[in-house]
Structures are given as C-alpha cells and as structure tokens.
Amino acid sequence: MSWLTETSLRDLDESQRLECRWLRCTHTWLQSTTQLLLKVCHRDVYLDEVARNLTCPRPGCRHTGVRLSLVRTDDTSGFVGGMP
C-alpha cells in the first residue's frame, strides 16, 4: 500500500499539480487535478487507477502507465533566525 492507493483524486486541492512521467517513453508532463477530473469517468477514482490508465498526450505515442508525484507550490522555507 502506498499513498496512491489511499488517496482519491477528489481528496486533492483544486490548485494541486501532479507530475506525470510515463514509464515507457519517459515523457514528463504537469497536470492539474481539475484537468484530470475532467478526463476520468467518475470522481471516486484513486490515484493508482489514474496512474495505470493515463495515456501519453504526445502525438503518435499511446503508452499507458505513469509515475505520479505531487508538485509543491507553497512556501517551504524554514525559520532561519535565532536569538540575539
């Protein structure tokens, strides 16, 4: 079990972006969760099902199967200051 089998596509924020990297052709593509929701048939699909069935968007390439990773867009800088 991984985070892909436990996370549904509708659990993610609308502004969250996913990096899709196809396993066979190694094409990398960024996709938002709202764009993926428009592509799937129903809203209760889990991310492992999306990763198995997503096809490559390049012309002439119809490979399926991607590696999904979340792209963090929020501020991740930590506190660097100290006491004087």
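The values are calculated or read from the model by the stated rules, or taken from the named source; none is laboratory data. Note that the structure is a prediction, hence the values are computed from the model and not measured. Note that we place each Cβ from the backbone using ideal geometry, even for glycine, and neighbour counts take in every protein chain shown. Calculation scope for accessible area: heavy atoms of the full protein, side chains included, ligands and nucleic acids excluded. Shrake-Rupley method; radii C 1.70, N 1.55, O 1.52, S 1.80 Å.
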#### Entry: Karplus-derived 3J(HN,Hα), 6.51/-1.76/1.60, for each residue of region 18-28, Hz, glycine and proline x
10, 9, 10, 10, 6, 6, 8, 9, 6, 7, 10
### Task
Return the distance in nm (one decimal) between the two label points of a simple spin-label model at L38 and C61, each offset 7 Å from Cα along Cα→Cβ.
2.2
### Task
Could you tally the net charge around T64, taking each other residue with its Cβ under 10 Å from the Cβ of T64, Lys/Arg +1 and Asp/Glu -1?
+3
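Where the accessible area of the chain is counted over protein heavy atoms with a 1.4 Å probe, how much of it, in %, is carbon and sulfur?
50
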### Query
Where only protein heavy atoms count, and the probe is 1.4 Å, what is the accessible area per residue for region 3-71 in Å²?
64
### Task
Grab the eigenvalues of the alpha-carbon gyration tensor for region 9-66, scale each by 5, take roots, and send me the semi-axes largest first in whole angstrom.
20, 12, 10
### Whole-Hz couplings from phi, Karplus 6.51/-1.76/1.60, listed for region 32-41; x for Gly and Pro
8, 5, 5, 5, 5, 5, 6, 7, 7, 6
### Query
Taking amide hydrogens as modeled 1.01 Å from N in the peptide plane, which residues meet the under 5 Å criterion relative to R67, leaving out close sequence neighbours?
R21, W22, L23
### Long-range amide H partners of R17 with built H, under 5 Å
V71
